[in-house]
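Undergrad: Below you'll find the structure I mean.
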Amino acid sequence: MRAYNFCAGPAALPTAVLEKAQTELLDWQGKGLSIMEMSHRSKDYVAVAEKAEADLRKLMNIPQNYKVLFLQGGASLQFSAIPLNLLGKNPKADYIHTGIWSEKALKEAQRYGEINVIEAGTTLNGKLAIKDQREWNLSPDVAYVHYADNETIGGLQFAGIPEVDAPLVSDLSSSILSAPIDVSKFGLIYAGAQKNIGPAGLTIVIVRDDLLDQARSDIPSILQYSAQAKNDSMVNTPATYSWYLSGLVFEWLLEQGGVDAIHKINLEKANLLYGYIDASDFYNNPIAEANRSIMNVPFTLADEALEKLFLKEAEEQHLLNLAGHRSVGGMRASIYNAVPLEGVQALVNFMDDFAKRNA
Ligand SMILES: *Cc1c(COP(=O)(O)O)cnc(C)c1O
């Protein structure tokens, strides 16, 4: 049986997608070979790759003046690729700091440019929150403003899209496709696939055309957005299987009714879990309501000494990967698109039972 998997990443994939991949694994559409064994330049593979891009464009309503790139190196390589591609003419950028991932991004960027760090974390009635944008000290003349929409480790998410004059660059690794967004508000969006898209090994970059000529000239061609755009993300061999499987996830999402439909379910899941935690004296979530992530829900138990037992019993109930990130401890339930409402219901039932037995 398949357990409910609350892993933060690599994360749960829709069972229907894995089943489809399984039926096609040895013999893709009667061609006598696996998609993994095909040339990335073959007509068949190129059609798979193009279909995945077209479906992602449909799901996110991506305007024509944006390129969609299917790259490798994870979101972490983009921490370097972004400044290398965007600070070639103007070396200045603003970075909004809200947690561990935005910090990693700005640390890499500091090697390549003049980075103005905006400390946007704060507390509201003892809960972690993101400062109102009017309290940020944005610079007047930067090449871009970077932020991480959803801090996967802390479970802290922006309540909306910041309004800035410079091109907005967002790390959407753990929130892409979880809710509708207006892509035209961004200069660049990037996301590692292994949270809410597909398997590890693939990174999606969505970049506005006019930003393709801002790169330094001394960077590897693999990292150049313009070169990747010109070569349909095939400057070298792409992560063909991850790309194919992500394409199956996009098809699955379209079948579910698209991003609006999955967002409704995501809200239902998040409300169920946060609602239960808030009503309980046994569990606690440290984030102010407006900035709670709908994808990653960290929580603590009344008694830290019960954590091991909690995880062990959860696993026995087929509720997997609930330990918080190693840097912060506690618990974390990642409830990405592929985690069904029934999974969250099962989690809440278990949490309630555990609390009653251990309070
Ligand atoms: C997981 C994650 C990353 C790192 O992704 P890799 O693909 O492992 O490099 C970066 N940013 C956010 C917000 C993440 O959740």
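Undergrad: Looking at this structure, is Ala148 within 12 Å of the ligand (Cβ to nearest atom) and surrounded by 24 or more Cβ atoms within 10 Å (Cβ to Cβ)?
TA: Yes, satisfied.
Undergrad: Still on this model: Picking from Phe79, Phe70, which residue would you name as being within 16 Å of the ligand (Cβ to nearest atom), within 30 Å of Gln133 (Cβ to Cβ) and not hydroxyl-bearing (Ser, Thr, Tyr)?
TA: Answer to the check: Phe79.
Undergrad: Tell me, yes or no, whether the range 53-63 has at least one residue that is within 16 Å of the ligand (Cβ to nearest atom), over 15 Å from Leu202 (Cβ atoms), polar (S, T, N, Q) and in contact (Cβ under 8 Å) with a residue 60 or more places away in the chain.
TA: The answer is no, given that none of the residues of the range 53-63 is within 16 Å of the ligand (Cβ to nearest atom), over 15 Å from Leu202 (Cβ atoms), polar (S, T, N, Q) and in contact (Cβ under 8 Å) with a residue 60 or more places away in the chain.
Undergrad: Name the residues in the range 286-332 that are among the aliphatic types (A, V, I, L, M) and touching a residue at least 60 places away in the same chain (Cβ under 8 Å), would you?
TA: Result: Ile287, Ala288, Ala290, Ile294, Met295, Val297, Leu319, Leu320, Leu322, Val328.
Undergrad: Restricting to the range 8-20, give me the number of residues that are assigned to a loop (DSSP other than H, G, I, E, B) and over 11 Å from Ala338 (Cα atoms).
TA: Total meeting the criteria: 3.
Undergrad: Is it the case that the range 244-257 has a residue that's in a loop (DSSP other than H, G, I, E, B) and either of a type outside the set (Val, Ile, Thr) or touching a Phe, Trp or Tyr at 6+ places or on another chain (Cβ under 8 Å) (or both)?
TA: Yes, there is a match, as at least one residue in the range 244-257 is in a loop (DSSP other than H, G, I, E, B) and either of a type outside the set (Val, Ile, Thr) or touching a Phe, Trp or Tyr at 6+ places or on another chain (Cβ under 8 Å) (or both).
Undergrad: Determine, yes or no, whether Gly343 is modelled with pLDDT of 95 or more, in the same structural domain as Glu53 (by TED's automatic domain parsing) and not hydroxyl-bearing (Ser, Thr, Tyr).
TA: No, not satisfied.
Undergrad: Looking at (1) part of a helix (DSSP H, G or I); (2) more than 20 Å from Tyr190 (Cβ to Cβ), can you tell me which one Gly32 breaks?
TA: Of (1) part of a helix (DSSP H, G or I); (2) more than 20 Å from Tyr190 (Cβ to Cβ), only one is false for Gly32: (1).
Undergrad: State yes or no: is Ser102 surrounded by 21 or more Cβ atoms within 10 Å (Cβ to Cβ), touching an Asp or Glu at 6+ places or on another chain (Cβ under 9 Å) and not β-branched (Val, Ile, Thr)?
TA: Judged against the criteria, Ser102 is a match.
Undergrad: Considering only the range 3-22, state which residues are under 16 Å from Trp243 (Cα atoms) and either at pLDDT below 95 or more than 16 Å from the ligand (Cβ to nearest atom) (or both).
TA: Pro14, Val17, Leu18, Lys20, Ala21, Gln22
Undergrad: Kindly state which strands (runs of 3 or more DSSP E) lie completely within the range 152-240 and contain at least 1 residues that are outside the structural domain of Ser76 (by TED's automatic domain parsing) and within 12 Å of the ligand (Cβ to nearest atom).
TA: none
The values are calculated or read from the model by the stated rules, or taken from the named source; none is laboratory data. Fair warning: this is a prediction, and the values are worked out from it, not measured in the lab. Every residue, glycine among them, receives a Cβ derived from its backbone with ideal geometry; neighbour counts consider all protein chains shown.
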